[in-house]
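Okay, structure first, notes after.
The values are calculated or read from the model by the stated rules, or taken from the named source; none is laboratory data. Owing to the predicted nature of the structure, the values given are computational and were not obtained by experimental measurement. Using ideal geometry, Cβ is built from the backbone for each residue, glycine included, and neighbour counts are taken over all protein chains shown. Keep in mind that these areas ignore ligands, DNA and RNA; they rest on the heavy atoms of the full protein, side chains included. Shrake-Rupley method; radii C 1.70, N 1.55, O 1.52, S 1.80 Å.
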Amino acid sequence: MAHRWTNDLTHDDVTPKSAYLNRRQLMAGMAGLGLTALAPKANAAADLTPTDFDVISQYNNFYEFGTGKEDPAKHAHRLTTQPWSIKIDGMVDRPGDYALGDILSKMTIEERIYRFRCVEAWSMVVPWNGFELKDLLDLAGVQSSAKYVAFETLYRPDEMIGQKSPFLDWPYVEGLRLDEANHPLTLMATGLYGKDMPKQNGAPIRLVVPWKYGFKSIKSIVRITLTDKEPPTSWNKSIPGEYGFYSNVNPEVDHPRWSQASERPIGGGFFAKRIPTLKFNGYETEVANLYDGMDLRKNY
Ligand SMILES: Nc1nc2c(c(=O)[nH]1)N[C@H]1C(S)=C(S)[C@@H](COP(=O)(O)O)O[C@H]1N2
Ligand SMILES: [Mo]
């Protein structure tokens, strides 16, 4: 089931040697925890230095728990994640409610160290654990008429207290074109740093699309729908002039209210130096061909 993914990532701001040592220590640590089911890959992504776990799990955007960066870590403990199932419907051969445990029993969890770039111009490097979305779509059997994949987050205002205020039109929804969804970089993440996904990061299962702005990576997913129409997306519905359907990371296309040319790595202190933002967040070699012939300024 698992596809191996290697690429030739490079990053200006890391020391390959220390990253390599980090990684070996991490793997040793995971072995110590008995997490042998993980299949970490010593790919070139290892020359990225992961952001500290405490930073990744305490500086969050998850508006279902409030709009402040500290709100999700404060309030997400209310979220119950068991039982959990994902309804897969629309243009699939085998629609149904898929219990998360059943899904996981069919998947090989691997580690992917990805850059993560929020549209607000901050960034992290996250060692995710998960499986390729394509493997889940294959379970359901995508029909040839399908062109897009729509995603929906849990709606449960008693636990997700941010949903009691109309900040966004709940539930949070997102979407990808089918070829984006099937791309081997596109991950369904169930954990990070070899631990179960922290609730504030989108437990028990979330999307990770590393070449797009962070808001495309929808959290706590309960429904996936295959469709032939471009699905509505939360931030586009909220402010269409600022957030488009594609939202590929692009240093050449500024947000109407700020530059996207550089980013602030979180975890290095507020005065840490900004680093240049890379086209497609550094995954240009892998994904640029998905957009051949498209005007990326128009399709922002
Ligand atoms: N359901 C849901 N998914 C969401 C969000 C949200 O508010 N609700 N925020 C998005 C944004 S703007 C970002 S930057 C990332 C943040 O992920 P992290 O907190 O794990 O870093 O989640 C994305 N997914
Ligand atoms: Mo974001």
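Inspect region 206-218 for any residue being touching a Gly at 6+ places or on another chain (Cβ under 9 Å), open to solvent by less than 20 Å² (accessible area, probe 1.4 Å) and away from ligand 2 (no atom under 16 Å from the Cβ) and give the result as yes or no.
No, region 206-218 has no match at all.
Going by the conditions given, is residue 138 without any contact (Cβ under 8 Å) to a residue 24 or more places away in the chain and away from ligand 2 (no atom under 16 Å from the Cβ)?
Numbers: without any contact (Cβ under 8 Å) to a residue 24 or more places away in the chain: yes; away from ligand 2 (no atom under 16 Å from the Cβ): yes.
So residue 138 fits the description; yes.
Can you name the residue in region 189-205 that is more than 16 Å from ligand 2 (Cβ to nearest atom) and not in a strand (DSSP E or B) and is also most open to solvent (accessible area, probe 1.4 Å) among such residues?
199
Would you confirm whether or not region 265-272 contains a residue that is at pLDDT 95 or above and not hydrophobic (A, V, I, L, M, F, W, C)?
Looking through region 265-272, at least one residue is at pLDDT 95 or above and not hydrophobic (A, V, I, L, M, F, W, C).
Need pairs with beta-carbon distance below 7 Å; first residue under 19 Å from residue 268 (Cα atoms) and away from ligand 2 (no atom under 14 Å from the Cβ) and within region 54-68, second of a type in the set (Val, Ile, Thr) and open to solvent by less than 40 Å² (accessible area, probe 1.4 Å); sequence gap 6+ or separate chains.
55/266
Of the residues 125, 173, 92, only one is over 20 Å from residue 287 (Cβ atoms) and within 16 Å of ligand 2 (Cβ to nearest atom); which?
On the way: 125 fails: over 20 Å from residue 287 (Cβ atoms); 92 fails: within 16 Å of ligand 2 (Cβ to nearest atom).
That would be 173, the only listed residue that is over 20 Å from residue 287 (Cβ atoms) and within 16 Å of ligand 2 (Cβ to nearest atom).
Cβ contacts < 9 Å: first residue touching a residue at least 40 places away in the same chain (Cβ under 8 Å) and part of a loop (DSSP other than H, G, I, E, B), restricted to region 270-294; second residue crowded, with 16+ Cβ neighbours inside 10 Å and polar (S, T, N, Q), any location; separation 6+ or different chain. Result?
Every condition considered, the pairs that remain are 277/123; 277/250; 277/260.
Looking at region 159-188, which of the residues that are assigned to a loop (DSSP other than H, G, I, E, B) and free of Cβ contacts under 8 Å to residues at least 12 places away in the same chain is farthest from residue 73 (Cα to Cα)?
So the residue we want is 166.
Working only within region 219-246, note down all residues that are open to solvent by less than 10 Å² (accessible area, probe 1.4 Å), among the hydroxyl-bearing types (Ser, Thr, Tyr) and not in a loop (DSSP other than H, G, I, E, B).
234
Report yes if residue 179 is of a type in the set (D, E, K, R), closer than 16 Å to residue 248 by Cα and either open to solvent by 20 Å² or more (accessible area, probe 1.4 Å) or within 16 Å of ligand 2 (Cβ to nearest atom) (or both), otherwise no.
The answer is yes for residue 179.
Give just the number: which of (1) away from ligand 1 (no atom under 13 Å from the Cβ); (2) within 14 Å of the chain's Cα centre (by Cα); (3) without any contact (Cβ under 8 Å) to a residue 60 or more places away in the chain does residue 133 not satisfy?
(3)
Regarding residue 125, is this residue within 16 Å of ligand 1 (Cβ to nearest atom), touching a residue at least 12 places away in the same chain (Cβ under 8 Å), in contact with a Leu (Cβ under 8 Å, 6 or more places away or on another chain) and within 20 Å of residue 247 (Cβ to Cβ)?
yes
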